[in-house]
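The values are calculated or read from the model by the stated rules, or taken from the named source; none is laboratory data. Treat the numbers as computed from the prediction; the structure is a model and nothing was measured. Here the Cβ is made from the backbone with ideal geometry for all residues, glycine too, and neighbour counts use every protein chain on show.
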Amino acid sequence: MAPKVVNDDPLLFPSAIAAPGVPVEQARSGSGPAAPVVFEDADMIADDDETLVSDYLINVVRSQTALGSSQQFEDRPETEIQGGTYTGQWLGDKLYGYGRIVRHDGFCYEGELINGRAHGRGKFQTTQGHVCEGQWENDMAHGEGSYHDIDGTFYEGEWVANRKSGEGYQQWPDKSSFKGSWLNGDMQHGVCTTAGGNIQYTGQLNQDKMHGYGVYNYNDGRIYTGNWEEGDTNGEGEMGWPDGSKYEGQFLKGKISGEGTLTWPDGRTYMGQWLNSRQHGVGSTADPAGKVKKHKWEGGKAVSESMDDPE
């Protein structure tokens, strides 16, 4: 499926995080925009891509005898073969050269063959209308090629043994897309674009989820730059908001957790410990003039005036 944020924390907005000089209750009253809808799921080419062609190509008779040097290509009319018909070139008793195979259930391959196998350039089409066209090797999509699904999904790029591997571009029915590198059918590194054509994510992926280092542009204007793990913000990162607020520090499973610093547009800051996107533990606040106070925090509330004056 197309990549999306697994856990987009609705608390990740400055108005929902207690700020120095602002009562916690007042700060929490700011709801912020709702969690954005990002990159709707869309079916990809079937995960078991390795069966894309081999399960469909006709089980033709493949002679194991050596070819005689005197044999010549011969064009023959439509001929009954095991499982269907063949029209095209032969080399002795082998399907060899260019031809068209039509199976009795309607599956069709037209293109180059060697010893009865798709090899070279060709086009394969199922009775449902799925089409795979491009380079083939030993009955498998291998090299440059394209795949068009009846639901509107299409892929253009490189293949290795029936799986998307190398550089390629895929577009889903909702017009969202991915362009970049693939390995064994999975997206690895590239650019994910929304249905409207806006770049949503640029970076690393694993098993079709954001994983590694990347930059994500949320629909509400937030921008996250940093580490990802299985679709979640995780590890070191930076979150920026449209109003100029910025958080730099640690994330855990889509939430601000660990050590980090939040800076508001007017210069106020909180630097310290976090848990589930709330100040939690020991942290220092500073006003725009630079006056610093250290507090103990629990769930976004300061539970002491200062470390020297515990509550």
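Just a few scattered comments:
- In the stretch 267-280, the residues that are surrounded by 12 or more Cβ atoms within 10 Å (Cβ to Cβ) and either over 36 Å from the mean Cα position of the chain (by Cα) or within 17 Å of Met239 (Cα to Cα) (or both): Arg268, Thr269, Tyr270, Met271, Gly272, Gln273, Trp274, Leu275, Asn276, Ser277, Arg278, Gln279
- The set of residues in the stretch 231-260 being more than 24 Å from Trp297 (Cα to Cα) and part of a strand (DSSP E or B) consists of Asp232 alone.
- Scanning the stretch 115-134 for residues being surrounded by fewer than 17 Cβ atoms within 10 Å (Cβ to Cβ) and assigned to a strand (DSSP E or B) gives a total of 3.
- Odd one out for Trp274, checked against (1) on the phi > 0 side of the Ramachandran plot; (2) in the same structural domain as Lys293 (by TED's automatic domain parsing); (3) touching a residue at least 24 places away in the same chain (Cβ under 8 Å): (1)
- Residue within the stretch 135-152 that is farther than 25 Å from Val102 by Cβ and outside any strand (DSSP E or B) present: yes
- Matching residues, the stretch 215-230, being among the hydrophobic types (A, V, I, L, M, F, W, C) and either part of a loop (DSSP other than H, G, I, E, B) or under 16 Å from the mean Cα position of the chain (by Cα) (or both): Val215, Trp228
- Annotation note: of Gln171, Gln250, Gln204, the sole residue that is in contact with a Ser or Thr (Cβ under 9 Å, 6 or more places away or on another chain), surrounded by 18 or more Cβ atoms within 10 Å (Cβ to Cβ), in contact (Cβ under 8 Å) with a residue 12 or more places away in the chain and not assigned by TED's automatic domain parsing to the domain that holds Ala302 is Gln171.
- If the condition is being of a type outside the set (A, V, I, L, M, F, W, C) and over 19 Å from Thr126 (Cβ atoms), then the stretch 88-107 contributes Gly88, Gln89, Gly92, Asp93, Lys94, Tyr96, Gly97, Tyr98.
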